[in-house]
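**Q** Dropping the structure in here first, questions after.
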Amino acid sequence: MSSGTMFARTFSRAGYHVLATNEYPSRIRGGHNLITVRVATRKFEALNRDLHLLVALNRETIELHKQELNKDALVIFDPKDGEYSGGIPIPLSDIVTKLGGDPVMRNMVAIGASVALLGGPFENLEKVIADQFKKKSADVVTHNVEIARAGYDFIKDEKRLFLAPPEKKEEQLVINASEAIGVGAVRAGLKFAAIYPMTPINALITFLADHAKSLNIVYKQPEDEIAGINMALGASLAGARSMVATSGGGFALMVEGLSWAGMIEAPLVIDLGMRVGPSTGMPTWTEQGELQFAIHAGHGEFPRIILAPADAADAYALTVEAFNLADRYQVPVFLLTDKYINESQWCVPKSVMSGEVFIDRGKISEEGKPRYDLSVDDGISPRSFIGQKGSTYIANSYEHDETGHMTENSGMRIAMAAKRMKKLAAMKKDIRAPSVYGDTDADVTFVTWGSTRGPVLEAMKMLRKKSRLIHFSWLYPFPAEETAQLLSGATRIINVEQNGTGQLASLIREHTGILIKEQLLKNDGRTWYPEEIAEKVGNV
């Protein structure tokens, strides 16, 4: 995976657009794993199915992927792993041994050879290697550069896949969505995060743990997800912007804490990284199976907001928005991500993450106001913090009166529950309408949420039919009026999701009455290829 990231960064720095995604088994004993990198002269939205260069570090790789090869594809292999007719034999092991490297450094030889086959400059790769190993030593950097150079120089008269010159573009970051969420959270004022490790959100942990001291934040690894959400809610009660991150199994443990957040009206951002379920399922693969879970999780009724980024740039922007919304409405806000965007390496313009960030802490209490003031019209009582003068109140899990004292009075219960649910009406001014791409007079209208946006946008380029995409990044409270208006005149609607039941289509029918009969659903753990979608729609 680090090899693929270095390869992607080499071409990104040369001005190309890149996207890298990985596949690996969850078994402790290991198994076949790979990283796929797409390099292009222009901006694109997803991986495609074409495979032009295959680097095989064992014989099994060729057998598993030879059917994916483009007719003009090149295959790099080590003759020690067996012969492959038509491939490019490179003595990966012998080169490493000759230069005194460890066997695992065969990948550095392969990177050098791959860059040469694509006509890339070695200088860019050399700089990337220096950045990759700068925390170790100058000797380690020099040794890796030497081994990569040997692979680069080995390619002399071989047939090459020369890339066209790239379009001019501003400097790009190569970053995954988990890292982008970390950057967005810090820029939005994050001060505390309690996260138990769980794929696919672990890159967020690495980012926060590595930079906690320099960024003046606290990252805590709790003993489990229950402790994690309770710690984060404690920090929120003290006035610190806080977050948790997990996957479905971990979130199941957090649900009691989620309900407590609903009762005490504590802001909290939750990154829910979806993967293949139920139960442990396929924990290192991707799916969109937890939309309805996030909407309905918790006992009793209380408001929440659910956002779903489509790529790393989206993840950054929606994270900043999530923290503002959490404070503004004093509710839990979800970022629904998945393994595909969390662990893929995306090209993001630096300007996206360097603009000014607006921070809204919402209503802050003046001295003497009760924490759960019932006189507010929008259900949002001014918030006070532990330690703030005049802020004494109770924040336990019971139904309560305006000061937080437990009550079982029916009138007070009705008043408090109604106050909390008023926030749903207040949120209407912030609800983001679905984004629309493509032709207004389309023959085909696609509907997507989250990471399926990219494959559909790429598929639309392949169709002869006029098409448009209606994409949801704000999923709850659901933008019913805007959705009904956009879909009411559509003749052919196709819902594209990565689950087996069409959870977005169910949500659309629930809130608008529109039944989407045509659905492309995929729940095998692999992301959609644009070609698959286009072929299923027809008239490619």
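The values are calculated or read from the model by the stated rules, or taken from the named source; none is laboratory data. Treat the numbers as computed from the prediction; the structure is a model and nothing was measured. Cβ sites come from the backbone with ideal geometry, for glycine too, and all protein chains shown count toward neighbours.
**Q** Quick one: in segment 183-224, which of the residues that are of a type in the set (Ser, Thr, Tyr) and surrounded by fewer than 17 Cβ atoms within 10 Å (Cβ to Cβ) is farthest from the chain's Cα centre (by Cα)?
**A** So the residue we want is Ser214.
**Q** Check every one of the helices (runs of 4 or more DSSP H) wholly within segment 275-392 and list those with 2 or more residues that are over 14 Å from the mean Cα position of the chain (by Cα) and under 18 Å from Ser242 (Cβ atoms).
**A** Fully inside segment 275-392 and qualifying: 312-329.
**Q** So which residues in segment 11-44 are closer than 15 Å to Lys169 by Cβ and part of a loop (DSSP other than H, G, I, E, B), if there are any at all?
**A** Ala14, Gly15, Tyr16, Thr41, Arg42, Lys43, Phe44 - these are the residues of segment 11-44 that are closer than 15 Å to Lys169 by Cβ and part of a loop (DSSP other than H, G, I, E, B).
**Q** Criterion first (more than 30 Å from Ile516 (Cα to Cα), touching a Phe, Trp or Tyr at 6+ places or on another chain (Cβ under 8 Å), in a loop (DSSP other than H, G, I, E, B) and not assigned by TED's automatic domain parsing to the domain that holds Ser344) does Gly404 satisfy it?
**A** yes
**Q** Related question: Could you check segment 243-275 and list, in sequence order, the residues that are over 14 Å from Leu336 (Cα atoms) and of a type in the set (Asp, Glu)?
**A** Residues satisfying the conditions are Glu256, Glu265.
**Q** Looking at segment 511-525, which of the residues that are surrounded by 16 or more Cβ atoms within 10 Å (Cβ to Cβ) and within 19 Å of Pro283 (Cα to Cα) is nearest to the chain's Cα centre (by Cα)?
**A** Among residues in segment 511-525 that are surrounded by 16 or more Cβ atoms within 10 Å (Cβ to Cβ) and within 19 Å of Pro283 (Cα to Cα), the one nearest to the chain's Cα centre (by Cα) is Gly525.
**Q** I've got another one for you. Name the residue that is farthest from Gly257 (Cα to Cα), counting only residues in segment 311-339 that are among the small types (Gly, Ala, Ser) and buried (at least 24 other Cβ atoms within 10 Å of the Cβ).
**A** Ala312
**Q** Mind counting the residues in segment 342-368 that are in contact with an Asp or Glu (Cβ under 6 Å, 6 or more places away or on another chain) and buried (at least 24 other Cβ atoms within 10 Å of the Cβ)?
**A** 1
**Q** If I go through segment 19-38 residue by residue, how many of them are among the β-branched types (Val, Ile, Thr) and exposed (fewer than 14 other Cβ atoms within 10 Å of the Cβ)?
**A** Selection size over segment 19-38: 1.
**Q** Determine if segment 466-475 includes at least one residue that is surrounded by fewer than 22 Cβ atoms within 10 Å (Cβ to Cβ) and either assigned by TED's automatic domain parsing to the domain that holds Gly273 or basic (Lys, Arg) (or both).
**A** yes
This table checks each residue for (1) surrounded by fewer than 21 Cβ atoms within 10 Å (Cβ to Cβ); (2) in a helix (DSSP H, G or I); (3) touching a strand residue (DSSP E or B) at 6+ places or on another chain (Cβ under 7 Å); (4) of a type in the set (Asp, Glu).
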{"position": "Ile95", "(1), (2), (3), (4)": "no, yes, no, no"}
{"position": "Gly100", "(1), (2), (3), (4)": "yes, no, no, no"}
{"position": "Gly112", "(1), (2), (3), (4)": "no, yes, no, no"}
{"position": "Val115", "(1), (2), (3), (4)": "no, yes, no, no"}
{"position": "Glu123", "(1), (2), (3), (4)": "yes, yes, no, yes"}
{"position": "Lys127", "(1), (2), (3), (4)": "yes, yes, no, no"}
{"position": "Lys136", "(1), (2), (3), (4)": "yes, no, no, no"}
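**Q** Taking the conditions exactly as written (aliphatic (A, V, I, L, M) and in contact with a Gly (Cβ under 8 Å, 6 or more places away or on another chain)), does Ala193 satisfy them or not?
**A** Considered against the rule, which asks whether it is aliphatic (A, V, I, L, M) and in contact with a Gly (Cβ under 8 Å, 6 or more places away or on another chain), Ala193 comes out as no.
**Q** If you don't mind, there's one more thing I want to ask. Restricting the search to segment 171-188, which residues are farther than 15 Å from Leu336 by Cβ, in a helix (DSSP H, G or I) and either in contact with a strand residue (DSSP E or B) (Cβ under 8 Å, 6 or more places away or on another chain) or hydrophobic (A, V, I, L, M, F, W, C) (or both)?
**A** Val183, Ala185, Val186 - these are the residues of segment 171-188 that are farther than 15 Å from Leu336 by Cβ, in a helix (DSSP H, G or I) and either in contact with a strand residue (DSSP E or B) (Cβ under 8 Å, 6 or more places away or on another chain) or hydrophobic (A, V, I, L, M, F, W, C) (or both).
**Q** Take the residues of segment 133-182 that are over 27 Å from the mean Cα position of the chain (by Cα) and acidic (Asp, Glu): which is nearest to Lys98 (Cα to Cα)?
**A** Selected residue: Glu146.
**Q** Turning to a different aspect of this structure: Anything in segment 229-239 that is over 17 Å from Ala294 (Cβ atoms) and either buried (at least 17 other Cβ atoms within 10 Å of the Cβ) or modelled with pLDDT under 95 (or both)? List them, or say none.
**A** Listed by number, the residues that qualify are Asn230, Met231, Leu233, Ala235, Ser236, Leu237, Ala238, Gly239.
**Q** Residues in segment 71-79: is at least one buried (at least 17 other Cβ atoms within 10 Å of the Cβ), assigned to a helix (DSSP H, G or I) and out of contact with any Lys or Arg (no Cβ under 7 Å at 6 or more places or on another chain)?
**A** No, that holds for no residue.
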